[in-house]
1. In the list ALA41, ALA87, which residue meets the criterion of being in contact with a Phe, Trp or Tyr (Cβ under 6 Å, 6 or more places away or on another chain), among the aliphatic types (A, V, I, L, M), under 29 Å from CYS157 (Cβ atoms) and free of Cβ contacts under 8 Å to residues at least 40 places away in the same chain?
2. Can you work out which of the residues in region 161-197 that are over 13 Å from ASN256 (Cα atoms), among the polar types (S, T, N, Q) and outside any strand (DSSP E or B) is modelled with the highest pLDDT?
3. Being closer than 28 Å to ALA21 by Cα, of a type in the set (S, T, N, Q) and at pLDDT 90 or above is the requirement here; does ASN211 meet it?
4. If GLN150 passes every condition in (1) in contact with a Cys (Cβ under 6 Å, 6 or more places away or on another chain); (2) part of a strand (DSSP E or B) but one, which one does it miss?
5. Where the second residue is not hydrophobic (A, V, I, L, M, F, W, C) and the first is part of a helix (DSSP H, G or I) and lies in region 411-434, which pairs have Cβ atoms under 6 Å and are six or more apart or on separate chains?
6. Take region 27-55 and flag every residue that is among the charged types (D, E, K, R), in a loop (DSSP other than H, G, I, E, B) and modelled with pLDDT of 90 or more.
7. Only one of LYS284, LYS301, LYS272 is modelled with pLDDT under 65, in a loop (DSSP other than H, G, I, E, B) and touching a His at 6+ places or on another chain (Cβ under 9 Å); which?
8. Which of (1) at negative phi; (2) not assigned by TED's automatic domain parsing to the domain that holds CYS35 does GLY172 not meet, given it meets every other one?
Amino acid sequence: MAKAIVVLTYKSVDELVLKEASDSWRLNPEKANSCKYLICARNQNDQRKIWAGKEKHREAFLICKIKDITKSIHNPSRFQINFSEYANISIKEFWSKDRNPIIYKDFDIENLNGVNFKKVDQFKEGTLFKDRKEIHKNNLHNNLVFGISQNAGIANCIILSGGYVDETNDRGDEFIYIGQGGRDEKTKKQISDQTFDNTHNKSLVFNCNWNIPVRVFRGSKLNSDYAPVNGYRYDGKYMINDFWYSTGVDGFKICNFKLVKPDRFIQNEKTKNYKKIPLDIFKKPAIRKLREIDLNKLTKKWVPKGNLNLEKNYQNKIEILEKTNKKHEKTISVLGKFLKENNFKNHEGQFDLYTEDSGVGKLFEIKTWNNKNLKEQIRNGIIKLLEYRIRYQKEGLFPKNTDLYLMLDSDPKKIISKYNYLLDLMEELNITLCWLQNNKVRSFKISQSNLYWIDN
């Protein structure tokens, strides 16, 4: 059995392979140094998941052979896990739902049938290619026309071919690359302005902002002392250190990118002119959106099945758990269908149910109860409602104004008088205590319950 570091990450395969690493992590040095493999599991809940692939949440999608572990360049108190080889995998539900985004796991590599490890860079610097078709065939550049190759907003490769008149400032380990757009393909002259809004130019800006390297090829037609005699030469990875607008020799605005070898890269050195560039270029990827709940396919909580030969008291606890889960899901279903019938969209997350009315959020926490646990269920519900509202407002998923509803699965009137102080607390926190009765939402004080938006 081999030991592996398993990380829950939003980052794409492209970014991980280009960086040859995953960072920045809080690691246990003793445990980490005993691991031979890095396994990446997909985090689809991160707000930056625009970078992520299409894998399901918690699915293992990449296994890597660890080269070494170094201090992160982004945060000296954290670590970067560097790898030399990688392979794509697909193991559903691999992540254990652990809250810590790092776990250490014994892993049998032989169980991965047909895994073929590839070097992070299959071709050495200086490797010659006959033409662009050969580069494309080896999956190093994704088109035969454009100089910039990008995937999902990340630039992975550029080709210096001498296509632009201004493309002359080449010092080998440092050069200025001219962006894409505005050129007449027949005359090769610039006939209009370039812009950083261009999809391919924008990908280079993205790499610059997030310190992602890009592969570089030089072509024989490039006006440079560093151009190959024939064909195209792979010159390794470069970092994008700077970018700016300037006026080209044809009189039009062009996009300039300064690329340097990693050993010349100055961390976080960005252009001083960035404020002159449209600010939307610098926006982080769009915040994730809430997904609408499928009321016919509610997520089932884990319950043991079959004869587990447990002691009788444990069997009784399992039966109670099963009944509680069924009551909980039934309440969500009934409430969700009621809201849907009244033209409200229902959303799911770690919370139970969420909808909106005229831009105001409506968050529901569902609690099943009995005479023995009502107090604890109410207290637990209050904490969860406050926690979810703060968390999801910060992530931009809930609006600034979000009302809170603690919903019980049945009418608590007969016993609630014991806990009037909790009712006072909820009133102070503006949390509405409600319940379902005859498929309708009820509360103690309808006029003060924030339930006016529901047609009862």
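1. Among ALA41, ALA87, only ALA87 is in contact with a Phe, Trp or Tyr (Cβ under 6 Å, 6 or more places away or on another chain), among the aliphatic types (A, V, I, L, M), under 29 Å from CYS157 (Cβ atoms) and free of Cβ contacts under 8 Å to residues at least 40 places away in the same chain.
2. Looking at the filtered set, the residue picked out is SER192.
3. Taking the combined requirement at face value, the residue does not satisfy it.
4. The one condition GLN150 does not meet is (1).
5. Final answer for the pair search is TYR419/LYS375.
6. LYS36
7. Checking each option against the conditions leaves just LYS301.
8. (1)
The values are calculated or read from the model by the stated rules, or taken from the named source; none is laboratory data. Nothing here was measured: the structure is a model prediction, and the numbers come from that model. Note that each Cβ is placed from the backbone with ideal geometry, even for glycine, and that neighbours are counted across all protein chains shown.
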